[in-house]
Amino acid sequence: MRLTNLFALLLLAACQREAASAPGSHETGIQTGSGLERAAIETGVIADAAKLPAIGLYQRNHEAGRDAFCVIPARNGDYRFGLEATFGEDQSCAGRGTARRAGDKLILNFSRTDHCIVVAQYDGDQISLPGVVDMKCADVCKGRGTLEGVSFPRMASDAAAALQARDGSGDPLCQPD
């Protein structure tokens, strides 16, 4: 019994020592994903989303319509975006604006609205809007449409594809500076 307890204590001490020496955890105060995720990124099994530019076309077709989101580079080094989400007849959201990257987030600043700013999650393969957005963003939608919880999976990773995207009226979804 004593040998089992001693082994358990040694194992616990080893685990605590490994966690304390994990790179980036104490120096920056930021957790950088699981050890398995870090190992997969380091070996190239999965891409490091923090290093993937958001430029491209994100799109999903569904029974009520199509959700599309395009991102192109802006002159100042940030991004320009356009989005359209359709929820059925006369229920949709559409807008354009500027975006900037902050780690795994895209901060979307809609133009032609009264200070509508949305902080979206970006993981390299998808852009996901939060489950709750500011009331100032209501002007972006019509009918009972809402931006809350809408996600856009990546279809293409280049600006050319993003510039080819059209909204429901046939107009360009993304417009360069």
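The values are calculated or read from the model by the stated rules, or taken from the named source; none is laboratory data. Just so it is clear, the structure is predicted and the values come from calculations on it, not from any experiment. Every residue, glycine as well, gets a Cβ built from its backbone with ideal geometry; the counts of neighbours run over all protein chains shown. To get the accessible areas, we keep the full protein, side chains included, count just its heavy atoms, and leave off ligands, DNA and RNA. Shrake-Rupley method; radii C 1.70, N 1.55, O 1.52, S 1.80 Å.
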> Which members of region 54-72 meet the condition of being open to solvent by less than 70 Å² (accessible area, probe 1.4 Å) and in a loop (DSSP other than H, G, I, E, B)?
Replying inline: A54, I55, A64
> When you look at R75, is it closer than 20 Å to Q175 by Cα, outside any strand (DSSP E or B), modelled with pLDDT under 95 and not β-branched (V, I, T), yes or no?
Replying inline: yes
> With respect to A120, is the statement that it is of a type outside the set (S, T, N, Q) and modelled with pLDDT under 95 true?
Replying inline: no
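Residues in region 103-117 that are assigned to a strand (DSSP E or B), over 11 Å from A54 (Cα atoms), of a type outside the set (S, T, N, Q) and open to solvent by 20 Å² or more (accessible area, probe 1.4 Å): how many?
2
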>> Of the residues A94, A40, A120, only one is surrounded by 15 or more Cβ atoms within 10 Å (Cβ to Cβ), more than 20 Å from G168 (Cβ to Cβ) and touching a strand residue (DSSP E or B) at 6+ places or on another chain (Cβ under 6 Å); which?
In response: A120
> Assuming A49 fulfils every condition listed in (1) in contact (Cβ under 8 Å) with a residue 60 or more places away in the chain; (2) within 14 Å of D167 (Cα to Cα) apart from one, which condition is it?
Replying inline: (2)
> When region 127-141 is examined, which residues are found to be open to solvent by 40 Å² or more (accessible area, probe 1.4 Å), among the aliphatic types (A, V, I, L, M) and not in a helix (DSSP H, G or I)?
Replying inline: V132
